[in-house]
Amino acid sequence: MSKAESNRLCVGVDLHKTQFTVCALDEGGEYLLGKRYQTTEEGYEDFINEMHSQEENGYSIELAVETTSNARFFKNRMEKEGFVVKVVNTNRFKVITMSTKKTDANDAATLAYYLVKEMLPEAHLCSQTSEEIRRLLKTRSVLVQSMVKIKNQIHGMMLGYGIETKAAQFQSKKKRQELINDLADHNYSDFTASSLKVMLKILDDLTEEVKEIEKHLGEIVEQNDDVELLMTVPGIGINTATTIAAYTEDLERFEGNYKKFAAYVGIVPSVHNSNESIHYGRITKHGPQELRTAFVQAAMGMIRLTKVTSEWRLIKEYQRRKEDKGSGRAIIALARKISRIVFVMLSKRERFNPDLMRCDDILQQTA
């Protein structure tokens with residue numbers, strides 16, 4: 001039986017795209033290993049064999065790696081070998097980013113040191129399905145942004161020939177063809193017509209790609225109970241519901257505390273406390289941008305449904321705040337209230353109840 005039996009071997013891993021550097025310390029902080037590996041199958045195998053050899057010496061392997069684009073792959077690969085892997089929340093662990101001597105070896109050593117002390121803040125990794133949904137949503141967002149840029153370019157081009165265009169003219173292939181026909185009565189060059197045709201063709205292609213992604217997303221979340229619950233909220237459609245669901249799984253990690261959830265979303269105001277004065281600033285924006293955007297879209301959707309929501313306390317408060325603080329702050333405040341309602345709905349597995357929106361004690365009932 002080895003003298004090191006049952007000891008922890010704490011390994012810090014500074015993971016990059018093409019390579020990773022490791023530093024291994026025992027429980028006493030003694031340096032046992034420092035090496036660099038390639039992020040190839042051969043490199044991973046060399047590292048895994050080294051760790052298994054340390055297991056034969058009686059060590060239990062614990063790895064710490066920061067959140068990177070390939071951290072999930074690394075975690076899954078190492079857990080298959082029976083190693084414990086902790087993914088570190090970089091937003092809550094600033095020691096590395098603030099280091100005055102930042103090298104891969106030093107970063108790995110820092111991770112190993114704090115792993116020994118059990119002082120590393122762990123990041124939450126979503127399920128594989130949620131990650132796939134998030135990637136699809138981001139792809140859709142990129143395509144939609146490209147469509148907006150092309151539409152703006154067309155607006156500017158047509159205006160240069162005295163033709164004022166509106167968003168509705170991009171809604172179908174027929175209406176887009178009418179834009180080309182509109183140039184017939186104006187003094188345009190062949191280059192202009194060719195440019196317009198190319199941009200409209202790209203717009204058609206992007207539109208089809210977005211539809212294909214939305215179809216795929218619909219198939220993935222067809223049996224998703226969270227999406228079904230979220231779509232009972234007026235103003236929340238399939239895309240917004242899918243986004244919120246993808247970023248809010250495992251609500252148990254917030255322990256029923258809305259403040260923790262709001263901090264995760266990044267939709268709470270920053271607080272600056274000095275002596276006896278307390279100043280509340282802009283929202284922290286610490287959480288996923290896509291989730292905050294989804295709640296803002298939910299707020300704007302609710303505002304537009306005036307036939308349904310005009311008498312709700314939420315909307316009346318929004319209107320008062322809009323007059324006093326402006327539209328931007330009012331929308332953020334409404335989005336924050338909607339996030340609270342959503343948190344309660346998903347936690348209690350309850351559908352949206354419009355009757356509560358007319359009660360003066362709505363916020364107490366959703367506490």
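The values are calculated or read from the model by the stated rules, or taken from the named source; none is laboratory data. Given the structure is predicted, the values throughout are model-derived calculations rather than measurements. In this analysis, Cβ positions are derived from the backbone assuming ideal geometry, glycine residues included, and neighbour counts consider all displayed protein chains.
Here are some notes:
- Just one of the numbered conditions (1) closer than 15 Å to Val296 by Cβ; (2) at pLDDT 95 or above is not true of Ile332: (2).
Listed here are the residues, each with its yes/no results for (1) among the acidic types (Asp, Glu); (2) under 23 Å from Lys117 (Cα atoms).
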{"residue": "Gln19", "(1), (2)": "no, no"}
{"residue": "Glu30", "(1), (2)": "yes, yes"}
{"residue": "Lys35", "(1), (2)": "no, yes"}
{"residue": "Asp46", "(1), (2)": "yes, no"}
{"residue": "Asn57", "(1), (2)": "no, yes"}
{"residue": "Thr68", "(1), (2)": "no, yes"}
{"residue": "Ala71", "(1), (2)": "no, yes"}
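- Residue match in the range 69-85 (condition: more than 24 Å from Gln128 (Cβ to Cβ) and loosely packed, with under 12 Cβ neighbours inside 10 Å): no
- With respect to the stated conditions, Thr284 is hydroxyl-bearing (Ser, Thr, Tyr), at pLDDT below 90 and surrounded by 15 or more Cβ atoms within 10 Å (Cβ to Cβ).
- Some residue of the range 22-30 being surrounded by fewer than 14 Cβ atoms within 10 Å (Cβ to Cβ) and of a type in the set (Val, Ile, Thr): no
- Looking across the range 21-55, the residues that are under 17 Å from Thr103 (Cα atoms) and of a type in the set (A, V, I, L, M) come down to Val22, Ala24, Leu33.
- Hits in the range 229-258 (condition: aliphatic (A, V, I, L, M) and assigned to a loop (DSSP other than H, G, I, E, B)): Met231, Val233, Ile236
- Residue within the range 163-170 that is touching a helix residue (DSSP H, G or I) at 6+ places or on another chain (Cβ under 6 Å) and free of Cβ contacts under 8 Å to residues at least 12 places away in the same chain present: yes
- Screening Ile133 against (1) over 25 Å from Gly28 (Cβ atoms); (2) in contact (Cβ under 8 Å) with a residue 24 or more places away in the chain; (3) part of a loop (DSSP other than H, G, I, E, B) leaves a single unmet condition, (3).
- Complete set of residues in the range 229-252 that are among the acidic types (Asp, Glu) and under 12 Å from Cys126 (Cβ atoms): Glu249, Asp250
- Residue pairs whose Cβ atoms lie under 8 Å apart, separated by 6 or more positions or on different chains, with the first residue in the range 103-115 and touching a residue at least 40 places away in the same chain (Cβ under 8 Å) and under 11 Å from Val13 (Cα atoms) and the second surrounded by fewer than 20 Cβ atoms within 10 Å (Cβ to Cβ) and among the β-branched types (Val, Ile, Thr), are Asp107/Ile96; Thr110/Val95; Thr110/Ile96; Leu111/Ile96.
- Within the range 151-204, considering residues that are of a type in the set (Gly, Ala, Ser) and assigned to a helix (DSSP H, G or I), the one modelled with the highest pLDDT: Gly156
- Per-region count, the range 86-108, residues surrounded by fewer than 17 Cβ atoms within 10 Å (Cβ to Cβ) and at pLDDT below 90: 12
- Selection count where residues are of a type outside the set (D, E, K, R), without any contact (Cβ under 8 Å) to a residue 60 or more places away in the chain and touching a strand residue (DSSP E or B) at 6+ places or on another chain (Cβ under 7 Å), scope the range 62-95: 15
- Hits in the range 286-318 (condition: under 18 Å from Ile341 (Cβ atoms), free of Cβ contacts under 8 Å to residues at least 24 places away in the same chain and in a helix (DSSP H, G or I)): Ile315, Lys316, Glu317, Tyr318
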